Amino acid sequence: MRKLLLVPFLALLVAAAPAAASQSKLLQIRMHDPGCHSFYLGGGSDHRQYATTLVRSGPVTLANYDEAALVFRGPAGFVKHEQVGQKITLTKKGVYQITMVKQAPDDNHLKLTVK
Ligand SMILES: [Cu+2]
């Protein structure tokens with residue numbers, strides 16, 4: 001089931017790659033098991049690196065390459081949804097909790113600190 005869903009998903013990734021590469025601070029959230037989604041830190045197909053907690057200097061632009069919309073909860077009541085394939089730019093300093101809509105209880109809860 002997951003493999004069938006992954007094929008069109010990968011096609012989307014390839015199509016989005018040139019635009020993503022032009023933004024120096026773009027951070028990708030990718031579908032990645034275990035945990036369903038993670039920050040992608042780079043590396044080739046055999047050495048991909050992922051993280052669930054990151055600290056970055058702002059502003060930070062994130063691209064959603066997960067399976068579904070992501071929910072960002074940040075400082076001062078900040079709540080925003082980001083659909084698959086979309087980008088979101090975080091400008092306020094603080095800690096952001098990132099989850100996926102309807103995610104499983106044991107899926108990753110990502111934490112991004114923008115300083
Ligand atoms: Cu996910």
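The values are calculated or read from the model by the stated rules, or taken from the named source; none is laboratory data. Note that the structure is predicted; figures quoted are calculated from it, not measured. No Cβ is skipped: glycine too gets one built from the backbone with ideal geometry, and neighbour counts run over all protein chains shown.
Quick test for you: out of 56, 30, pick the one residue that is within 17 Å of residue 114 (Cα to Cα), modelled with pLDDT of 95 or more and among the basic types (Lys, Arg). I'd like the intermediate steps shown before the answer.
Values: 30 fails: within 17 Å of residue 114 (Cα to Cα).
The conditions single out 56.
Which of the residues belonging to the range 41-66 are in contact with a Leu (Cβ under 7 Å, 6 or more places away or on another chain), in a loop (DSSP other than H, G, I, E, B) and over 14 Å from residue 111 (Cα atoms)?
The answer is 58, 59.
Which residues, counting only those in the range 30-40, are within 11 Å of the ligand (Cβ to nearest atom) and in a strand (DSSP E or B)?
Answer for the range 30-40, where residues must be within 11 Å of the ligand (Cβ to nearest atom) and in a strand (DSSP E or B): 30, 31, 37, 38.
Working only within the range 73-93, note down all residues that are touching a residue at least 24 places away in the same chain (Cβ under 8 Å) and part of a strand (DSSP E or B).
73, 87, 88, 89, 90
Look at the range 22-40 and say how many of its residues are within 16 Å of residue 109 (Cα to Cα) and of a type in the set (D, E, K, R).
2
If you check every pair at least six apart or on different chains, which have Cβ atoms under 8 Å apart with a residue in the range 47-72 that is closer than 12 Å to residue 98 by Cα first and a residue that is part of a loop (DSSP other than H, G, I, E, B) and of a type outside the set (A, V, I, L, M, F, W, C) second?
Qualifying pairs under 8 Å: 52/35; 52/108; 52/109; 64/83; 64/85; 64/86; 69/83.
Within the range 54-69, restricting attention to residues that are surrounded by 13 or more Cβ atoms within 10 Å (Cβ to Cβ) and either among the hydroxyl-bearing types (Ser, Thr, Tyr) or within 16 Å of residue 95 (Cβ to Cβ) (or both), which residue is nearest to the ligand (Cβ to nearest atom)? Can you show your working first?
Pass one, the range 54-69, residues surrounded by 13 or more Cβ atoms within 10 Å (Cβ to Cβ): 54, 56, 58, 60-69.
Next, from what is left, pick out any that are either among the hydroxyl-bearing types (Ser, Thr, Tyr) or within 16 Å of residue 95 (Cβ to Cβ) (or both): 54, 56, 58, 60-62, 65.
Values: 54: 16, 56: 20, 58: 24, 60: 19, 61: 19, 62: 13, 65: 10 Å.
Restricting to residues being surrounded by 13 or more Cβ atoms within 10 Å (Cβ to Cβ) and either among the hydroxyl-bearing types (Ser, Thr, Tyr) or within 16 Å of residue 95 (Cβ to Cβ) (or both), the top hit is 65.
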